[in-house]
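Student: The structure's right below; bear with me while I get my questions together.
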Amino acid sequence: RSSTGKPTWQQSTKHRRVLQESWLAVLKIPTLPNRALKQALQHLPTAILPIVSAPLRFADVCTRAYEVGGVTSLLALHSLFVLMMDHGLEYPKFYASLYRLVTSRNFYAKHRTRFFRLLTNCLAKSDMLPAYVVAAFCKRLARCALTAPPSGALFVLALISNLLRRHGECACLVHRGTGRGDDASLEDKFDADAQDPAQARALESSLWELAALERHCHPAVSALARSVGTENEKTPMYDMDEFLLHTYKSLFETERKRINQKKRMAVPLTFEKPKSLFTD
């Protein structure tokens, strides 16, 4: 029995400590298959970190898991984000690590919804990010949207619109003119191969990708691309939750209902039934 008079098996702190040690023992197995690691990381930020006694002990495990690459890096970075926001972890390289995950491949990944939600929480809900970080993410996301599925392109355009309105110093990305008419003024100074937002030179570039997306085959993408940069102060921010769960099926159903409704509204009838075959 403890000092409180309760048996040991009734103490929640004992259970949390045992749960923590069990998970750490499993995650530290050198030969742990990547498939098992991904399944464990899926549940770590929501089901394990909020209840264990010392969540920061998982920081080293998540940092090593990020180095694996692919979907494993995405899942590990989600856990690191939870440790930063809820438990005071200091991880200066977080946004550089997140920036490296913004690739066209992740727009087709199985866990892309979690990736989109992580981008929303990290970028759209903070006013303290430096302008060069926001601009670099906008450029890299816009570049990925050129080859992403329509659902991913819609998410990117909505996120860019919110970021440009929240960070006014990045408005130069959509309002920068070509200057002189020579070829040098049309050169894109953005370094797409840079792995750090500080080295991408995004603030010296422009979002020319929006002009390409205005000619997208999907009408919703082209319409949203035309609206980015033209919003005013009264235009409400996009609710990013509405763009997280878009699929080919949901976009198809939305477009089908819109076309059917347009057809019903565009065909007014003023027909009167005749009383006979010939009129007098």
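The values are calculated or read from the model by the stated rules, or taken from the named source; none is laboratory data. The structure presented is a predicted model; accordingly, all values stated were derived computationally and were not measured. We place every Cβ from the backbone using ideal geometry, glycine too, and count neighbours over all the protein chains shown. For the accessible areas, the whole protein counts, side chains as well, though only heavy atoms, and no ligand, DNA or RNA atoms are used. Shrake-Rupley method; radii C 1.70, N 1.55, O 1.52, S 1.80 Å.
Student: Of Thr120, Thr147, which residue is of a type outside the set (A, V, I, L, M, F, W, C) and within 14 Å of the chain's Cα centre (by Cα)?
Tutor: Checking each option against the conditions leaves just Thr120.
Student: Within region 214-226, count every residue that is among the charged types (D, E, K, R) and assigned to a helix (DSSP H, G or I).
Tutor: Of the residues in that region, 1 qualify.
Student: Evaluate region 179-196: report whether one residue or more is outside any helix (DSSP H, G or I), under 21 Å from Asp127 (Cβ atoms), in contact with a helix residue (DSSP H, G or I) (Cβ under 9 Å, 6 or more places away or on another chain) and open to solvent by less than 60 Å² (accessible area, probe 1.4 Å).
Tutor: There is no residue in region 179-196 that is outside any helix (DSSP H, G or I), under 21 Å from Asp127 (Cβ atoms), in contact with a helix residue (DSSP H, G or I) (Cβ under 9 Å, 6 or more places away or on another chain) and open to solvent by less than 60 Å² (accessible area, probe 1.4 Å).
Student: Looking at region 96-129 only, could you name the residues that are among the small types (Gly, Ala, Ser) and at pLDDT 90 or above?
Tutor: Correct list: Ala96, Ser97, Ser104.
Student: Here's another thing I want to ask about it. Across region 227-251, what is the number of residues that are open to solvent by 70 Å² or more (accessible area, probe 1.4 Å) and in a helix (DSSP H, G or I)?
Tutor: Total satisfying the criteria: 4.
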